[in-house]
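Read through the structure below, which is laid out as structure tokens, and then see the notes.
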Amino acid sequence: MTTPTREFVLLEYSSGCGDEANPLAVATITLNDPDRRNALGGDMFNALENALKDIQKNCATNPFWNGANSPGLGQEKQNQSGIQISEPVHSFTRVVVLRANGPAFCAGFDLRAVANDAVGAQPVLEDYLQRLHNCVEIISQLSAITVAAVSGAALAGGCALVSACDFIIATPDSKFGYPTHAIGLSPAISGPTLSSRMGLGAARELLLGGEPISGKRAFELGFASHLTGATPEHNNMPNQVAAHNFNSALAQETSALTKILLAKGPRALFTTKCWLQQLDPHLHHTHRASALSASVSGVGGAESVDRVAAVWKSRSETT
């Protein structure tokens with residue numbers, strides 16, 4: 001069977017990595033702009049949003065789900081005893097893997113575009129925050145199980161995307177954090193997903209400390225669900241050295257987890273995720289909205305405008 005694949009400029013998206021019984025079970029999103037450390041800019045957001053919406057649409061064909069956060073009964077038919085039973089249908093996405101090419105997973109927003117914004121109100125930065133919020137919302141609400149495979153730095157917006165996934169596989173030398181205070185921006189946008197993963201107390205280390213933590217520390221805090229023995233040099237490499245990536249501990253761990261998830265009963269697994277998503281949804285929605293507002297509140301202020309300009313000038317002078 002030909003694997004359906006759509007390639008974007010800065011992102012690769014493929015659906016069709018399952019087995020013969022469920023050929024479309026796994027969708028893989030690969031951030032693919034290693035020269036810019038997979039920074040989130042306008043084009044990257046366009047590609048990511050398109051991929052997530054496509055996956056969201058495919059998840060909607062899940063026979064066990066009728067509408068958002070609502071487990072259905074699948075395709076029903078009567079057996080000889082007149083009892084209604086469900087026929088499994090294997091054309092929906094069950095697992096989504098988020099990964100990246102290059103030495104960094106994602107360095108956050110593309111500061112080049114933000115620093116070059118001629119308008120003092122920083123509309124580009126505000127737009128990026130809103131789009132990041134939307135991507136996190138889609139990832140959080142997918143009925144498929146989501147897995148982030150991380151090597152290298154997942155910072156700021158990159159860490160926000162990772163925090164929304166069900167499972168996070170990290171290498172010991174990977175980095176997670178929100179060094180956004182340096183540009184006068186609050187990382188509160190990630191507060192709800194972080195506190196859900198690791199508790200508010202542990203989340204404070206990432207949200208207030210500002211200093212990135214290692215994959216090992218992330219695992220100890222409960223942020224990462226899996227820790228491999230891999231090193232960044234052997235993971236997330238560009239396509240031309242994909243063979244090295246295939247044999248890496250990160251790739252092997254991701255593959256092993258994916259196979260375990262596909263082997264589980266899809267109805268039981270998705271019903272469980274549905275229940276988890278329904279835990280106090282109104283409270284979570286309120287927190288996410290207020291978290292976005294907290295991050296946006298600093299946009300256009302003198303602190304953010306001056307610090308973004310200073311940080312970008314410093315980077316430009318050292319490159």
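Residues whose amide H falls under 5 Å from that of residue 173, counting only those 5 or more places apart or on a different chain, are 215, with hydrogens built in the peptide plane. Between residue 252 and residue 208, residue separation times 0.36 nm minus the direct Cα-Cα distance comes to 12.5 nm.
The phi-based Karplus calculation (6.51 cos²θ - 1.76 cosθ + 1.60; θ = phi - 60°) puts the 3J(HN,Hα) values of region 204-212 at 4, 4, 7, 6, 9, x, x, 7, x Hz, whole numbers, x for Gly and Pro. Residues whose amide H comes within less than 5 Å of that of residue 11, counting only those at least five positions distant or on another chain, are 32 (H built at 1.01 Å from N in the peptide plane). With a cut-off of 14 Å, note down the residues of region 96-134 whose backbone N falls inside the zone around a label point 7 Å from the Cα of residue 264 toward its beta carbon. The answer is 96, whose backbone nitrogens lie closer than 14 Å to the label point.
Summary value for region 137-178: 48 percent relative contact order, contacts being C-alpha pairs under 8 angstrom separated by 6+ residues.
Computed from the coordinates by the stated procedures, all read-outs in this text should not be read as laboratory data. Values in this document were obtained by computation on a predicted structure and should not be read as measured data. Ideal geometry is used to build each Cβ from the backbone, glycine not excepted, and the neighbour counts take in all protein chains shown.
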